[in-house]
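For reference, the structure discussed in these notes is given below.
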Amino acid sequence: MSTTDSQGEGWPELVRATKTIVVVDVVESVRLMQANEADVIDRWRRFVHEVRSQVLPAHQGRMVKSLGDGMLLEFDEVLSAVKATFELQRRLPLINQGKSASQALLLRIGAHVGAVSIDRYDVYGSGVNLAARFAASAEPGTFVVSAEIRDALVHELDARVEDLGEKYFKHLDAPRQCFALSSSANDAAMPAFEPPPDTRSVILVLPFTTLTPGSHGALFGDLIADEITRALSRCAAWRVISQLSAAALRGRRVDLQGLRTMFDARYVISGKCFMRGSTVLISLELTDVHTGSLMWADSMEIEQAQILSDANPVGNKVAQDVARVLFANAVEQSRGLGLDAVDSHVLLFSAIALMHHSTAQDFQRSHACLEKLLYRHPRSPDVLAWQAKWHVMSLVQAWTTAPDIEVRLAHQRTQSALRLYPSHPLALSIDGLVAALIDKDLERAEQRYTEALAANSSEPLAWLFMSALYAYRDQGAAAVDAARQAIKLSPLDPMRYFFETFSAHAMLSANQLAESVSTAELSLRLNRRHMPTYRTLAIAQLLQGDVDAAKLSVQGLLAIDPRYSVDAFERNYPGRGTAFANRCAQALRQAGLPQR
């Protein structure tokens, strides 16, 4: 069929046909381009030329379009498409010859067969979108296809087929069965793939300058820098250079470019100390190494005795201030620019901050940031773990219309992270949360938290989630101790309300009712939309005898989730059946929460 536009110029003919669509995507193209744009462009152009001039003619395929980091291919037959894809994978090592694993071009490839609309310039339809989704879900160097592709092949004769199970894709209501294809020749030719660079930014705390003569002042400067480094290192959102490494810079003048080259640092904290009697005067600055801009500055006075004590407050205060500045800056950047233009570490900061904002719009924005990150870094355990936490929070906040999908994705993300890095503390902690809140499997949750703390005894979320586990088991004193340890370890500003609500829950389980009420109220001042906080507050108020206040808290809870009920609590609470859970259910009933 032929149509004309308003100018009378003929439009290309559009036909409907069954085709096999193959989408090819370069893994981490943004990182590769940033490292050496000219080299990547040269290698990719040579590879595309080989595909266009040699591979596709031999397999009766058409290159619909070539992008700067991908290709869209079309074939009449499934087997031709599969053979051509294996040929692409076999040729790729020659393009990577002489390059390190971190510089190698690797491909994610997806394919689907179905009815599409075609003209001489492009191909249209849901089949194209499905092929792109399969490509985006593939691990680096792998070829993922639909069940329709699999059904057209003979296992071991045409390809080796591995069932990857069902996967949920954005904007699709039902999961799709996915399969990985490989050939024996292709397996041997695939280049090794080393873990991608950490998506987190690097923070360097420089040795402090002492403005008072003598070694006494230098000692306090070192203690303060050490404490700031330790406090910052407890946050999973970034990496911190150790003070042993930073000490090599003592007495040296190194410009920002030098710090970027030596440590891959993105942010630098520098400080000066001045001794005045028993007081230490401290001035601090946070600088963005890439732009040279000053992001934050502060000064404080502290007694020498406090610096020498276990209760030294400097580290946590500085870490909280730095977190607040970095997260707020990241949110501003992600809103002001398209997500494609935002650096990966800024996207991660923005995703964590927005996840813990009180509006559904910001929560969804967080998901968009995480999706973009996962597309760039499909093997990042940090991104996968935060995505799993997002899905858990979507369930807890009742912000989802498809809870089964959230459950499936929460499991899928933590399992993917732990397949890549079995001892990753954050992924272990989130997997434990999934086990407790979703599966009600407290034994597996405890095992995950224990493994996380074995890998990093200062992992705040492991301690925090362990506090809830103790509360579920009616072990109030242990719950309070674990919650206190979590808060002591964490300077993560956007999640402060989250820590406070877990702490209020722990205090409730220990029958520390006044403390539970005040802590829950503090949490609500930071985030008015967190439903579990209202629940804890209502129970504590009722058990204190303040029935009117408890009823108001229940109304706040129902304003967030009108469907919530005592039955829902008893059904979903991980500690169901314990004396503590029964007390909570009775209190909610008396505070006016509907039974059903």
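The values are calculated or read from the model by the stated rules, or taken from the named source; none is laboratory data. It should be emphasised that the depicted structure is a prediction, and the values quoted were computed from it without experimental measurement. Cβ coordinates were reconstructed from backbone atoms using ideal geometry, including for glycine residues, and neighbour counts include every protein chain displayed. When the accessible area is computed, the model is the full protein with side chains, heavy atoms only, and any ligands, DNA or RNA have been set aside. Shrake-Rupley method; radii C 1.70, N 1.55, O 1.52, S 1.80 Å.
Taking the conditions exactly as written (touching a Phe, Trp or Tyr at 6+ places or on another chain (Cβ under 6 Å) and under 21 Å from ILE228 (Cα atoms)), does VAL314 satisfy them or not? Criteria not met by VAL314. Here is the figure for region 42-54: residues that are open to solvent by 70 Å² or more (accessible area, probe 1.4 Å) and touching a residue at least 24 places away in the same chain (Cβ under 8 Å) total 1. Being within 18 Å of VAL205 (Cα to Cα) and among the β-branched types (Val, Ile, Thr) holds for only one residue in VAL331, VAL314, and it is VAL314. In region 400-422, the residues that are more than 23 Å from HIS171 (Cβ to Cβ) form Cβ pairs under 7 Å with partners that are assigned to a loop (DSSP other than H, G, I, E, B) and at pLDDT 85 or above, at six or more places apart or across chains, as follows: ALA417/HIS424; LEU418/HIS424. Here region 167-190 is the region considered, the condition is being part of a loop (DSSP other than H, G, I, E, B) and within 16 Å of THR85 (Cβ to Cβ), and the residue that is modelled with the highest pLDDT is SER183. Selection of first residues in region 55-79 that are among the polar types (S, T, N, Q) and of second residues that are assigned to a strand (DSSP E or B), restricted to Cβ pairs under 7 Å at least 6 apart or on distinct chains, gives the following pairs, ordered by first then second residue: GLN60/PHE75. Could you please let me know if ARG528 is charged (D, E, K, R), within 24 Å of the chain's Cα centre (by Cα), in a loop (DSSP other than H, G, I, E, B) and modelled with pLDDT under 95? So ARG528 passes the test.
When each of THR519, THR578 is tested for being in contact with an Asp or Glu (Cβ under 7 Å, 6 or more places away or on another chain), at pLDDT below 95 and not small (Gly, Ala, Ser), the lone residue that passes is THR578. Just so you know, in region 152-163 the residues that are open to solvent by 50 Å² or more (accessible area, probe 1.4 Å) and modelled with pLDDT of 80 or more include one that is nearest to ASP404 (Cα to Cα), and it is ASP163. How many residues are of a type in the set (Asp, Glu) and closer than 26 Å to GLU301 by Cβ when one looks only at region 228-286? Final tally of qualifying residues: 1. Among residues of region 543-554 being free of Cβ contacts under 8 Å to residues at least 24 places away in the same chain and among the hydrophobic types (A, V, I, L, M, F, W, C), the one that is nearest to SER509 (Cα to Cα) is ALA549.
No other residue among ALA341, ALA351, ALA368 is open to solvent by 10 Å² or more (accessible area, probe 1.4 Å) and modelled with pLDDT of 85 or more apart from ALA368.
Helices (runs of 4 or more DSSP H) fully within region 295-413 that include at least 3 residues being closer than 18 Å to LYS167 by Cα: 360-376, 381-396.
For (1) hydrophobic (A, V, I, L, M, F, W, C); (2) open to solvent by less than 70 Å² (accessible area, probe 1.4 Å); (3) over 19 Å from MET507 (Cα atoms); (4) in contact with a strand residue (DSSP E or B) (Cβ under 6 Å, 6 or more places away or on another chain), each residue gets a yes or a no:
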{"position": "MET531", "(1), (2), (3), (4)": "yes, yes, no, no"}
{"position": "THR536", "(1), (2), (3), (4)": "no, yes, no, no"}
{"position": "GLN541", "(1), (2), (3), (4)": "no, yes, no, no"}
{"position": "GLY556", "(1), (2), (3), (4)": "no, yes, yes, no"}
{"position": "ARG576", "(1), (2), (3), (4)": "no, no, no, no"}
{"position": "ALA581", "(1), (2), (3), (4)": "yes, yes, no, no"}
{"position": "GLY592", "(1), (2), (3), (4)": "no, yes, yes, no"}
{"position": "ARG596", "(1), (2), (3), (4)": "no, no, yes, no"}
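On the given criteria, is ASP546 of a type outside the set (Lys, Arg), open to solvent by less than 60 Å² (accessible area, probe 1.4 Å) and either over 34 Å from the mean Cα position of the chain (by Cα) or over 30 Å from ASN312 (Cβ atoms) (or both)?
Working: of a type outside the set (Lys, Arg): yes; open to solvent by less than 60 Å² (accessible area, probe 1.4 Å): no; either over 34 Å from the mean Cα position of the chain (by Cα) or over 30 Å from ASN312 (Cβ atoms) (or both): yes.
When the stated conditions are applied, ASP546 does not pass them.
Looking across region 459-504, the residues that are farther than 27 Å from GLY315 by Cα and in a helix (DSSP H, G or I) come down to LEU469, TYR470, ALA471, TYR472, GLY476, ALA477. Quick one: count up the residues across region 371-381 that are surrounded by 23 or more Cβ atoms within 10 Å (Cβ to Cβ), under 9 Å from the mean Cα position of the chain (by Cα) and either within 20 Å of ILE109 (Cβ to Cβ) or not aliphatic (A, V, I, L, M) (or both). Residues flagged as surrounded by 23 or more Cβ atoms within 10 Å (Cβ to Cβ), under 9 Å from the mean Cα position of the chain (by Cα) and either within 20 Å of ILE109 (Cβ to Cβ) or not aliphatic (A, V, I, L, M) (or both) within region 371-381 amount to 2.
Residues checked against (1) in contact with a helix residue (DSSP H, G or I) (Cβ under 7 Å, 6 or more places away or on another chain); (2) open to solvent by less than 50 Å² (accessible area, probe 1.4 Å); (3) modelled with pLDDT of 90 or more:
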{"residue": "ALA297", "(1), (2), (3)": "no, no, yes"}
{"residue": "GLN304", "(1), (2), (3)": "yes, yes, no"}
{"residue": "LEU308", "(1), (2), (3)": "no, no, no"}
{"residue": "ALA319", "(1), (2), (3)": "yes, yes, no"}
{"residue": "PHE327", "(1), (2), (3)": "yes, yes, yes"}
{"residue": "VAL331", "(1), (2), (3)": "yes, yes, yes"}
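Of all the residues in region 355-374, those that are in contact (Cβ under 8 Å) with a residue 40 or more places away in the chain and under 18 Å from GLN333 (Cβ atoms) number 5. The residue that is modelled with the lowest pLDDT, counting only those in region 213-226 that are open to solvent by 30 Å² or more (accessible area, probe 1.4 Å) and not small (Gly, Ala, Ser), is HIS216.
Residues of region 124-151 that are among the aliphatic types (A, V, I, L, M) and open to solvent by less than 10 Å² (accessible area, probe 1.4 Å): ALA131, ALA135, ALA138, VAL144, VAL145, ILE149.
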